[in-house]
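Only one structure is covered here, and it is reproduced in the block below.
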Amino acid sequence: MVLRATTLTLLVFCVEAWNQHASYRGRAFSRSGTVSGASSSSDICSYDVAIIGSGPAACSLASLLTAGAGPNPPKVALLSKNADAQWVPNYGCWTEEWAALSALYKGRGVPGIMEKGVGASWPDTDCFFGEDSEEKVQSNPEGSFRRTLGREYLRISRAGLKEVFYGSDETRKYDVIKEDVLGAAIGTNIYSPAGAVVCHPTFTELRTVDSGLTVRAKVVVDATGSESPFTIRDDRGKEGYQIAYGVECFVSGPGVTETKVGDYDRTKMTLFDYRSEAWRGDNEENVVAVPTFNYVMPLKDGSVFFEETSLVARPAVSFQECKARLEARLGAMGVTIGEVLEEEYCYIPMGGSVPRKGQRVVPVGGAAGLVHPATGYQIARALVSNVDVCEQILEELKAGVPAGEQEEQEEEEEEEEEEEEEEEEAGAGEKGRVFDPDAAAARILGRTWTPKALRQRNFAVFGGDFLMDQNVEGLKGFFSGFFKLEKGMWGGFLAGWKGLPGNEYHDDWLPRIVFGVTFVTKLPLKVAAAMALAIVKYALGGGLELVQSVTPLLGEPEAFEAATQFRSCTKGDVAAKEEARAMMKNK
């Protein structure tokens, strides 16, 4: 599955692979010893930041934290049993976006994304929407117009990108504990089994599955993917699912030449092929009602990566259905799959809600709900958002006690009356305050999901819901109009995140209004009418978030920091209680 860092970036919670991943610091941790820099006893390790997971979101954040923090970077550990495993998902991205990310990371001490992280590239991108020579969508028969987008595309090198973020034992600046973390969230900051994840006043405690090792950290980050057990995201029933069957293979047949594979140009990648009339057969009703498209990457060794994809549906389209459709599609072009080099099964939850407020563990990437709700785009969004996450974590750590002093502080917490006084002394940071993990977590996640970002996401959630309701004619018409927009306008929607090219067309309510009005004028009349009706129904059905996203009305979504206002540990008049305690001690 090519995680497209574009219209279909498959942020894959890849069924078999998005387990808890991790990375190392220079040596791996074993129960009999510790990695350099970690404060530990035989059964306890203390860190500034513990990251659960080792996919791109986890490793990129660890690299940023330890590369750009000056001479005294935070002590960071990643936890995963599968730390050394190769990343499974295929990822694709617009070259323009990947270059922007590369420059951003290089400026923060993590170079090499563009140099090492590109596996293949194409100078242009094609699409097929059944349009005729006048660029109008046709049916019975479908048109064969090839829409060329004029934008370079690349396939990300999984091995190269992991080398950039994961490095080697000699160069890595963060530690790894090669074990998975125990537990699953069953409520806000409540985990099962009891004691798996424990929230202490100034740190969070994790336990590993195999050895029962205790890991303590001021900031715990969840990078385990869209269906993480450590992060609660409500309204999961409202999600749609992007499903794709991918195969990298050699091909044969009368439709295969040196320059073409069926209708697909070997010098370009094909982003969408939504045509289906030639191969529907007895499955016509299903193909029309629940459409899929083909995504094609011709490779230099003569092999091709195909991916038959359901953009978004609820319930999900079956993988077997996608595989059968791909074989029928290629067969209609005179193309037969030969030697199979790799198969992929891509599953991506889309839409739903962002993480519940008030959670101590900070999600990033898919766990934070960063998958684009209308396109499935995620890899570039995760990497660019981690720059803000890193900056906020470093800012929060300035207020806390160094990891090397945590054990002393933790022992003091067992001393009842002496605990608070000693903890304040040891825990006071540059600003004279004890590290507060709950407030820190809220501010860190608040850097990802600012009110502005939430409004932009709400706009995209409507888009995803609309696309989920469209049959094949609706989707062909939608994308035919979409790619008639100015390149920056459609490219910005596909990415949809601060720091990525084209986001200026979508980052506030007024640009979104301009985008929406312009887009409707490009759509076939039937699709435009369906969209107008959907907007009315959505708003009247309680979708006030859509109104909030395209007007200055209804204010801003609540900030994540607000969730810490009424925590149990800060209820009541804290100053009065502290005064009484001091007076009793001075008697």
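For the pair Asn140 and Ser318, a Förster radius of 45 Å applied to the C-beta separation gives a FRET efficiency near 0.95, rounded to the nearest 0.05. Counting only residues at least eight positions apart within a chain, or on another chain, the lysines with an alpha carbon under 24 Å from that of Lys577 are Lys431, Lys585, Lys587. With protein chains left intact and a 1.4 Å probe, residues in the range 262-371 average 34 Å² of accessible area per residue.
Take each peptide in 110-123, 189-202, count the other Cβ atoms within 10 Å of every residue, and average; sorted highest first, the result is 110-123, 189-202.
Counting other Cβ atoms within 10 Å of each Cβ, which GluC sites (Glu not before Pro) in the range 192-280 have at most 12 and sit in a DSSP loop? Before the final figure, lay out each step's value.
Numbers: sites: Glu205, Glu227, Glu239, Glu248, Glu258, Glu277; in loops: Glu227, Glu239, Glu258, Glu277.
Those that pass, being in a loop and sparsely packed, are Glu258.
Pairs from the table (Lys75/Lys106; Lys238/Lys537; Lys476/Lys498) lying more than 26 angstrom apart at Cα are Lys476/Lys498.
Rounded to the nearest percent, how much of the accessible area of the range 497-548 (1.4 Å probe, protein heavy atoms only) is carbon and sulfur? Spell out each step's value before the answer.
Values: 2080 of 2910 Å².
With neighbouring chains kept in place, the figure for the range 497-548 is 71 percent.
At a Förster radius of 25 Å, what calculated FRET efficiency corresponds to the Cβ-Cβ distance of Val536 and Ala103, to the nearest 0.05? Don't jump to the answer; show the numbers that get you there.
Numbers: r = 43 Å, r/R0 = 1.72.
Once rounded, the FRET efficiency stands at 0.05.
Peptide packing for 530-540, 147-157, 212-222 was compared via the average number of neighbouring C-beta atoms within 10 Å per residue; ordered from the highest value, the list is 212-222, 147-157, 530-540.
Label sites at Ala278 and Ala529, each approximated as a point 7 angstrom past Cα along Cα to Cβ, lie 3.1 nm apart. Legend: residues Glu321, Glu579, Glu131, sorted from most to least accessible area (1.4 Å probe; ligands, DNA and RNA excluded), read Glu579, Glu321, Glu131.
Given 0.36 nm per residue, what is the gain on full extension from Glu227 to Asp43 after removing their alpha carbon distance, in nm? Don't jump to the answer; show the numbers that get you there.
Details: separation 184, 0.36 × 184 = 66.24 nm, distance 2.93 nm.
The Glu227-Asp43 span can extend by a further 63.3 nm.
Using 0.36 nm per residue, how much length does the chain from Val514 to Asp132 gain when fully extended, once their Cα-Cα distance is taken away?
On the way: separation 382, 0.36 × 382 = 137.52 nm, distance 2.79 nm.
Length gained between Val514 and Asp132: 134.7 nm.
For Ala559 and Glu504, the FRET efficiency from 1/(1 + (r/R0)^6), where r spans their Cβ atoms and R0 equals 25 Å, is about 0.65.
The residues of the range 469-529 present an accessible area of 41 Å² per residue when probed at 1.4 Å with all protein chains retained.
Between Val290 and Lys484, what is the label-to-label distance in nm when each label sits 7 Å out along the Cα-to-Cβ direction? In this crude spin-label approximation the distance works out to 3.1 nm.
Rounded if a/c is under 1.5, else prolate if a/b is larger than b/c, else oblate: which is the range 490-552, with a ≥ b ≥ c the root eigenvalues of its Cα gyration tensor?
Details: a/c = 2.38, a/b = 1.32, b/c = 1.81.
In terms of gyration-tensor shape, oblate.
Accessible area of Val312 (1.4 Å probe, protein heavy atoms only, ligands and nucleic acids ignored): about 20 Å².
The values are calculated or read from the model by the stated rules, or taken from the named source; none is laboratory data. What you see is a predicted model; the values in this text were computed from it and never measured. Glycine gets a Cβ as well: all are built from the backbone with ideal geometry, and neighbour counts include every protein chain shown. These accessible areas exclude ligands, DNA and RNA; they are computed on the full protein's heavy atoms, side chains included. Shrake-Rupley method; radii C 1.70, N 1.55, O 1.52, S 1.80 Å.
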